[in-house]
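Colleague: Mind looking over this structure? Questions follow.
Please treat every number below as a calculation from the coordinates, not as lab data. Only a predicted model underlies this, so the values are computations on that prediction, with no experimental measurement involved. Methodologically, a virtual Cβ is constructed for each residue, glycine included, from the backbone with ideal geometry; neighbour enumeration extends over all protein chains shown.
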2 protein chains.
Amino acid sequence: MNSEYKHIVIIGAGFAGLFAAKKLSGRNVRVTIIDRNNYHTFNPLLYQVGAAEIEPDQIAYPVRTFIRKKANIDFLMANVEKINFKKDTVVTDRGDIKYDFLIFSPGSSSGYFGIKGAENNSTTLKSLDDALRLRNHILRMFERASKCDDPSERDKCLTFVIVGGGPTGVEFAGAFAEFVNGPLRKDYPHIDSHEVRICLVDAAGQLLGAYSPKSAEYAKRKLEKMNVAVSLNRTVKEVKPGEIILGDGERLKSHTILWTAGVSGVAIKSDIKIADRKDARVTVDEYLRPGGCDNVFICGDMAYLEQSGKPLPMNAPVATQQGIHSAINILRLINGKTLKPFRYGDRGSMVTIGRNSAITKAAGFEFRGFIAWVLWLFIHIFYLIGFRNKILVMISWFRDYLFFERSGKMIIPSE
Amino acid sequence: MNSEYKHIVIIGAGFAGLFAAKKLSGRNVRVTIIDRNNYHTFNPLLYQVGAAEIEPDQIAYPVRTFIRKKANIDFLMANVEKINFKKDTVVTDRGDIKYDFLIFSPGSSSGYFGIKGAENNSTTLKSLDDALRLRNHILRMFERASKCDDPSERDKCLTFVIVGGGPTGVEFAGAFAEFVNGPLRKDYPHIDSHEVRICLVDAAGQLLGAYSPKSAEYAKRKLEKMNVAVSLNRTVKEVKPGEIILGDGERLKSHTILWTAGVSGVAIKSDIKIADRKDARVTVDEYLRPGGCDNVFICGDMAYLEQSGKPLPMNAPVATQQGIHSAINILRLINGKTLKPFRYGDRGSMVTIGRNSAITKAAGFEFRGFIAWVLWLFIHIFYLIGFRNKILVMISWFRDYLFFERSGKMIIPSE
């Protein structure tokens, strides 16, 4: 690598970071991707790992394998401790990294709206580690319940509360309900599937706020058919260990409280405070830059940008397009050209509710049902990185579909 | 289940335990399998998980799925804390379990021959957790070395010492060397593959003591061709953090010391001391019973039994046959018949040394080379439990073979 080339540092090997790197591959720049994990995660399918549908390795792809034939790109597995914007330096636990341009796309973390106890007493589904932990925890709860003489303890093991009726909450609820009604019912003959309670709680009046009321009603009906108790218009007052207290005073006792209700930015120390929003995200200009740092581009969940009067969603397509766009703009700057403003091209979104059911939104229309579900399968397979992963996920899905079985029923690792 | 039926408790869902359970399925007995994990592990392929060749879930199979259609068999995921042989009770962290007959097949743990520091400063390959930890550790060492300015630290990261030239040591060394020479070389362009040192140390004068000197020489030659430094006739004096001291005073500095040299019994508390041997195993009579407990049968690695003047090996075929035999003898006792003595039918053994090379021993003959390797593949696929696992392992092997690639290069979980 030519050391006179400009050095572009990318924080985060998510959709934004990886697609930015791809765009910069083979160009006259040096690129370093920094991530705490040595792999990219296909986040849209995290809930399936949580529900034992697929294995962690099937939605993860090693960054080093991704950059293998991209000679101008390097990878550093490290935790980012601080960013010194004034000195163009990223401080990591593996040393300081100087940059000429920075693409900052660290993703997001869970948001708790200041609700008492929520952060400490609930579990989330934001990373592969989270998903694996959730799955192992669920299996342990079933093991515990299978030999438990105390009825209230047994009840706490078999009650699962999901807070948040967005895509993650809805998709996980559906996949988990099918896991309970199928494979787990067969594996635990001493547990009646009616003893298992899955509660989906949301403060809003409908599920899936981004979709039409008709689609939301469809999702609710589908979930209820799978024995998921959907509670709308219900706020959460407090979360205690083993208990969640709703706004109206009702208490749900449960060892499993999954929090999917809020998303916020990732708190990273820096010499200039760029996160201006209450949810720790950064308002960016039309070139995806925060105020005051002309060589920094913020992409993905961390960036707050409005378009046509509405904030852009925090999802994979937005992150992907922003990553590519920032890479292009950096190349333009290096070549003395002017920046191009970012404009998100919405190609649609989709959400699945268990076997055979999905909602697809594209070009202003919404489709529901089996066709939407088949489309969902193909789109997700298509976007999975790596041939092996595509094959393995297809096999897992095919097997689940035909045999009502799940692959990930082993508690690994044991601790 | 008829509660008047005799209750047979099986400790350990390994080969002995699972095959005993299978034999007892559908008979007029109640069976409870106890294991700390909720899955059976196909131990012969553990080293492949350690070397990132296959995924943990591919050689694990849920016990509950195994017993699904076996109505008289139950499973308890628990840690065994003590056995009260006088009261016919197994004490676990999930409560006490009374038995009429006990099949005790807990497997084995590593043996350290009292070598100073060996247990605390080395890693082992005895469980799926071990294998996963080893793999993640190896990948972390490569990540650390890839950006390390201190040459001696870099050297410690890239030196891997394997103690023990038995099947586990030899098979792991071969699979690991191929991982280093293939995928890791491509993923870490800044690490020269000659910087990586793999040392296999054994106190004996030949590798694979159970095989002929000619086969042992073949294995040594194959390993050396893959850049594994094989040191025979060398004892270990002490293991310190990051360092192993050999009998002749030589010191190898390394962050990875894998101990495969010794095997010993599993230490479990009991009211009657049955483990009579120095290696914590139990000498059993020809019916696989320890002295003084007529309703207890010891199977697998834990049992010490000589046949034709030689101790039986600690491997899967012996465990399997002992498990089945104990189940038959228990049924005979219940039906008022006399016990049948156990006799191991040796159907051969095999060991693989990387791509295309293996040694197969059967009917007094030893075969070496490609045919032995193909045989090895088919036998192992055949014995893997579960259709899905067979398919997935075949895909992994096929891919590794064709593309010189490995699947498990992601550090999951991250902690």
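Colleague: If neighbour count is taken as other Cβ atoms inside 10 Å, put A:K222, A:K237 in order from fewest to most.
Modeller: Least crowded to most crowded, the residues run A:K237, A:K222.
Colleague: Related question: With both bridge residues required to lie in chain B, what share of the DSSP beta bridges run antiparallel, to the nearest 5%?
Modeller: Here the antiparallel bridges make up roughly 45 percent for chain B.
Colleague: Under 5 Å between amide hydrogens, which residues at least 5 positions from B:R281 or on another chain qualify, with H placed 1.01 Å from N in the peptide plane?
Modeller: B:G265
Colleague: Over all distinct Cα pairs, what is the inverse of the mean 1/r for segment A:112-262, reported as the Kirkwood hydrodynamic radius in Å?
Modeller: Kirkwood radius, segment A:112-262: 15.6 Å.
Colleague: Starting from the amide H of B:E238, placed 1.01 Å from N in the peptide plane, find each other amide H under 5 Å away whose residue is 5 or more places distant or on another chain.
Modeller: B:I245
Colleague: If the elastic network links every pair of Cα atoms under 10 Å, which of B:A177, B:A52, B:A210 fluctuates the most in the Gaussian network model of chain B?
Modeller: Among B:A177, B:A52, B:A210, the largest mean-square fluctuation in the Gaussian network model of chain B belongs to B:A210.
Colleague: Which residue fluctuates most in the GNM of chain A (Cα springs below 10 Å): A:G262, A:G309, A:G247?
Modeller: Of A:G262, A:G309, A:G247, the Gaussian network model singles out A:G309 as fluctuating most.
Colleague: Turning to a different aspect of this structure: Can you pull the one-decimal nm distance between simple spin-label points at A:F113 and A:K237, each 7 Å off the Cα toward Cβ?
Modeller: Simple spin-label model gives 1.5 nm for this pair.
Colleague: Shifting gears a bit: Under the 0.36 nm per residue contour assumption, what length would be gained going from the current alpha-carbon distance of B:T338 and B:N84 to full extension?
Modeller: Full extension from B:T338 to B:N84 adds 88.9 nm.
Colleague: Quick check: from the Cα gyration tensor, does segment A:6-114 come out rounded (a/c under 1.5), prolate or oblate?
Modeller: Note, shape of segment A:6-114 comes out oblate.
Colleague: Using 1/(1 + (r/R0)^6) with R0 = 51 angstrom and r between the beta carbons of B:L402 and A:D276, what's the FRET efficiency to the nearest 0.05?
Modeller: That pair, B:L402 with A:D276, gives E of 0.45.
Colleague: Taking neighbour counts of Cβ atoms within 10 Å as a proxy for exposure, in what order, fewest first, do B:L102, A:L24, A:L76 appear?
Modeller: Lowest to highest Cβ neighbour count: A:L76, B:L102, A:L24.
Colleague: Hey, got the Cα dimensions of segment A:365-405 along the principal axes, in Å, largest first?
Modeller: Computed over the Cα atoms, the extents are 33, 26, 9 Å.
Colleague: Using just the helices of the protein assembly as shown, give the 222 nm mean residue ellipticity in deg cm²/dmol: DSSP H runs with n ≥ 4 each add -39,500 (n - 2.57), and the total is spread over all residues, rounded to 500.
Modeller: After summing the helix terms and dividing by residue count, I get -9500 deg cm²/dmol.
Colleague: Next up: Label points 7 Å out from Cα along the Cβ direction at B:E217 and A:N28: separation in nm?
Modeller: If labels sit at B:E217 and A:N28, their model points lie 6.2 nm apart.
Colleague: A further question follows. If you put a point 7 Å past Cα along the Cβ direction, how far is that point for A:A71 from the same point in each other copy, in nm, smallest first?
Modeller: Output for A:A71: 6.9 nm, nearest copy listed first.
Colleague: I need B:K98, B:K126, A:K6 ordered by Cβ neighbour count within 10 Å, fewest first.
Modeller: Going from least to most buried by this count: B:K98, A:K6, B:K126.
Colleague: Just add up the charged neighbours of A:F342: K/R +1, D/E -1, any other residue whose Cβ is under 12 Å from the Cβ of A:F342.
Modeller: Combined, the nearby Lys, Arg, Asp and Glu give 0.
Colleague: About its Cα centre, what dipole magnitude does the protein assembly as shown give when the only charges are +1 on Lys and Arg Cβ and -1 on Asp and Glu Cβ, stated in debye to the nearest 20?
Modeller: In debye, rounded to 20, the protein assembly as shown gives about 1320.
Colleague: Given springs between every Cα pair under 10 Å in a Gaussian network model of chain A, which of A:K23, A:K337, A:K82 has the largest fluctuation?
Modeller: A:K337
Colleague: Relative to the Cα centre, what is the charge dipole magnitude of segment B:112-257, using +1 at the beta carbon of each Lys and Arg, -1 at the beta carbon of each Asp and Glu, and rounding to the nearest 20 debye?
Modeller: 180
Colleague: How large is ³J(HN,Hα) for each residue in segment B:44-59, as worked out from phi by the Karplus curve 6.51 cos²θ - 1.76 cosθ + 1.60 (θ = phi - 60°), to whole Hz, x for Gly and Pro?
Modeller: x, 10, 3, 4, 6, 5, x, 9, 6, 7, 9, 8, x, 5, 6, 10
Colleague: Between copies, how close do the A:D150 label points come, placed 7 Å along Cα→Cβ, listed in nm from shortest?
Modeller: Copy-to-copy label distances for A:D150: 4.8 nm.
Colleague: Between B:W373, B:S254, B:L158, whose Cα lies farthest towards the positive end of the dipole of chain B when Lys and Arg beta carbons carry +1 and Asp and Glu beta carbons carry -1, centred on the Cα centre?
Modeller: B:W373
Colleague: Measure up A:K6/A:K82; A:K126/B:K390; A:K390/B:K390; B:K156/B:K278; B:K6/B:K269 against 23 Å on the Cα-Cα distance and list the ones that go over.
Modeller: Correct reply: A:K126/B:K390; B:K156/B:K278; B:K6/B:K269.
Colleague: Give the share of C-alpha pairs in each 10 angstrom bin for the protein assembly as shown, from 0 to the last occupied bin, in whole percents, shortest bins first.
Modeller: 2, 12, 20, 23, 20, 14, 7, 2, 0, 0
Colleague: Would you kindly calculate the translational diffusion coefficient of chain A, applying Stokes-Einstein with the Kirkwood radius from alpha carbon pairs, for 37 °C and a viscosity of 0.692 mPa s, and quote it in µm² s⁻¹ without decimals?
Modeller: Approximately 146 µm²/s, per Stokes-Einstein.
Colleague: Something else about it: Nearest 0.05, what FRET efficiency do A:F387 and A:N227 give at R0 = 25 Å with Cβ-Cβ as r?
Modeller: 0.10
Colleague: Oh, and also: What percentage of all Cα-Cα pairs in segment A:61-105 are separated by more than 16 Å?
Modeller: Cα-Cα pairs in segment A:61-105 separated by more than 16 Å: 46 percent.
Colleague: Further question: One decimal, nm, shortest first: give the distances between the label point of B:N315 and those of the same position in the other copies, each label point 7 Å from Cα along Cα→Cβ.
Modeller: 5.6
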